[in-house]
Amino acid sequence: MKNKIQDTRYKMQEMRGKIRGLRFFLLLTSYFLLLSSVFFLPSVYSHGGHGGGGDKSSDVESMVYIPEGEFIMGSNEDELMEIKKIYGKRGGIEGYLFEKEKPKRRVFVKSFYIDKYEVTNVQYKKFIDATGHPAPSGWNNGKYQPGKANNPVLYVSWYDAKAYAKWAGKRLPTEEEWEKAARGTDGRIYPWGNKYDPALTSTAESVMENIEEGICSVTTGNPVGTAKGDVSPYGVHDMGGNVREWTDSSFIAEREEKVVKGGSWVDLSPKARSSSRDGVNPKSVSHIIGFRCVRDYEMTATNSVSDSVREQS
Ligand SMILES: [Ca+2]
């Protein structure tokens with residue numbers, strides 16, 4: 001009987017030892033996973049990061065798939081009334097532009113791919129180097145300012161943007177394509193939702209907040225993808241702010257102006273609304289206007305944009 005009890009105790013001790021061993025193994029595994037995440041993940045994320053000023057040209061060449069179908073475009077009078085009350089009296093021009101957002105309607109758009117980010121200086125430099133196209137003003141001997149590789153290219157006319165897009169095997173988005181990529185299909189006001197928040201995007205209000213904190217250094221927009229909240233339902237970045245963007249559409253049929261969409265770091269929040277639109281002379285260049293490109297889905301199905309990009313979108 002005594003031996004039997006001792007035998008049982010021995011077995012229990014043996015079992016406790018095994019459990020302790022298992023606990024130690026699990027603890028060791030946890031530490032290993034933790035260390036892996038510390039040392040390995042940042043290297044993975046760095047391929048998609050855009051916060052620095054380094055040359056990450058390969059990072060910003062990704063495109064996002066926008067499926068075909070209808071979306072809600074434009075604004076109705078009720079929505080614009082609120083905006084006009086606050087911003088519509090500034091010289092009358094803003095009120096005039098707001099009127100041009102109407103009506104709110106359903107629009108069908110075929111599937112396409114759109115650049116995830118605004119076209120950057122380093123991307124545009126490749127185009128200049130390859131084609132001899134004149135560099136934007138502010139560049140020195142065909143080179144952008146140091147540390148601005150991933151900033152959106154500026155001082156480009158609509159014609160410059162068209163030339164770049166053609167060279168890249170892409171095209172400029174229509175106004176409809178741009179607005180759908182920005183606001184999705186649920187009729188939301190901003191790319192991220194219905195409520196404006198300066199912390200989410202890069203508009204004048206965001207800069208003013210920074211001024212209060214004494215860290216204002218914004219004079220040329222941010223590197224693309226800096227505003228982590230300025231992301232559309234499809235994962236397209238900086239459509240609310242950073243820089244305004246050329247589209248391929250005419251503002252008014254009888255005039256030469258092309259539609260420019262989205263806000264910039266000097267614009268107030270109404271410009272960050274996806275339905276906001278402005279008409280700009282296609283020959284003009286500006287410190288607040290850049291662009292991004294699109295590709296037809298049919299064009300891309302057989303070439304460089306992989307299905308994995310489509311799945312991620
Ligand atoms: Ca933008």
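The values are calculated or read from the model by the stated rules, or taken from the named source; none is laboratory data. All of these numbers come straight from a predicted model, not from anything done at the bench. Cβ placement follows ideal geometry from the backbone for every residue including glycine, while neighbour counts extend to all protein chains displayed.
Selection of region 271-297 for residues being under 28 Å from GLY69 (Cα atoms), more than 14 Å from the ligand (Cβ to nearest atom) and over 18 Å from the mean Cα position of the chain (by Cα) yields GLY279, ASP296, TYR297. Every listed requirement among (1) more than 21 Å from VAL285 (Cβ to Cβ); (2) of a type in the set (Asp, Glu); (3) modelled with pLDDT of 95 or more is met by GLU175 save one, (1).
Pairs, please: C-beta under 9 Å, at least 6 apart or cross-chain, first residue at positive phi and in region 232-259, second away from the ligand (no atom under 15 Å from the Cβ)? These pairs meet every condition: GLY235/GLN312; GLY235/SER313. Across region 215-270, the number of residues qualifying as more than 13 Å from ILE289 (Cα to Cα), hydroxyl-bearing (Ser, Thr, Tyr), at pLDDT below 95 and within 13 Å of the ligand (Cβ to nearest atom) comes to 1.
The C-beta contact set for region 146-163 (first residue assigned by TED's automatic domain parsing to the domain that holds GLU118, second residue within 16 Å of the ligand (Cβ to nearest atom) and of a type in the set (Phe, Trp, Tyr), distance under 7 angstrom, 6+ apart or interchain) comprises VAL153/TYR124; VAL156/PHE291; TRP158/TRP246; ALA161/TRP246; ALA161/PHE291.
Is there a residue in region 125-147 that is within 16 Å of the ligand (Cβ to nearest atom) and of a type outside the set (A, V, I, L, M, F, W, C)?
No, region 125-147 has no match at all.
Counting only helices (runs of 4 or more DSSP H) that fall entirely inside region 77-146 and contain at least 2 residues that are at negative phi, modelled with pLDDT of 95 or more and surrounded by 19 or more Cβ atoms within 10 Å (Cβ to Cβ), the qualifying elements are 121-131.
Return yes when TYR159 is surrounded by fewer than 18 Cβ atoms within 10 Å (Cβ to Cβ) and over 16 Å from the mean Cα position of the chain (by Cα) and no when it is not. Judged against the criteria, TYR159 is a match.
Working only within region 186-195, note down all residues that are surrounded by 15 or more Cβ atoms within 10 Å (Cβ to Cβ) and part of a loop (DSSP other than H, G, I, E, B). Listed by number, the residues that qualify are GLY187, ARG188, ILE189, PRO191, TRP192.
The criterion of being buried (at least 17 other Cβ atoms within 10 Å of the Cβ) and touching a strand residue (DSSP E or B) at 6+ places or on another chain (Cβ under 8 Å) holds for PRO152.
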